[in-house]
Amino acid sequence: MRDLVWNEFLEIGVSFIDDDHKKLLKIVADVKSAIGQGDKCKSGRLLSALLKEAKDHFSKEEEYLLEVKFPYLQEHKAYHKELLVKTEMTKRVCEGIETEHDLEECFDAMAEFLVDDILRGDIKFKSYLQYEGYIK
């Protein structure tokens, strides 16, 4: 996976959501670095932290979308649930891998699930927030 760097096009326009996304991308970068250094123990801890942060983020985001009456909230919640299931399954596979190369591939798959939330899932509600005047 190429390096993930925060870019303005990733911004949703809601500060706590954008801050969470930045934090998630930072953890992803830290995991990648730990894998590159061959520190399986540290990468495992960071993968757990990444999953916890993703769960916390999804919960806060869903609460906000309920407040702004996002009409597709149930679909978005189902999307989050699917991402978490895929991520958890991939994390378990990663924990059992011994070679660095295979661990990198496994990590790439898990990171893509989480980045997918920003690039695909949240863009869908960004246009709603703009239309309703919650963001510019």
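Please treat every number below as a calculation from the coordinates, not as lab data. Note that this is a predicted model, so its numbers are computed, not measured. Glycine gets a Cβ as well: all are built from the backbone with ideal geometry, and neighbour counts include every protein chain shown.
A few points about this structure:
- Computed over the chain with a Gaussian network model linking Cα atoms closer than 10 Å, the most mobile of SER59, SER15, SER43 is SER15.
- Compared with the direct C-alpha span, the chain from LYS55 to GLU95 gains 12.5 nm at full extension, assuming 0.36 nm per residue.
- Positive dipole terminus of region 13-131, leading residue within PHE16, VAL85, LEU46 (C-beta point charges): PHE16
- Helix 73-95 and the longest principal axis of the Cα set of the chain meet at an angle near 10°.
- Take every pair of alpha-carbon atoms less than 8 Å apart whose residues are at least six positions apart; their mean separation over the length of region 13-131 yields a relative contact order of 27 percent.
- Rounded tilt (10° steps) of 40-67 against the dominant C-alpha axis of the chain: 10
- What you get for the chain, charging only the Cβ of Lys and Arg (+1) and of Asp and Glu (-1), is a dipole of about 240 debye around the Cα centre.
- Which labelled figure in (1) 56, 33, 31; (2) 49, 27, 18; (3) 44, 36, 24 is Cα extents along the principal axes in Å, once derived from the coordinates: (2)
- Members of LYS69/LYS91; LYS42/LYS124; LYS32/LYS69; LYS40/LYS81; LYS22/LYS91; LYS60/LYS86 lying beyond 29 Å, as alpha-carbon distances in this model show: LYS69/LYS91; LYS42/LYS124; LYS32/LYS69
- Helix axis angle, 15-36 relative to the chain longest principal axis, alpha carbon, degrees: 10
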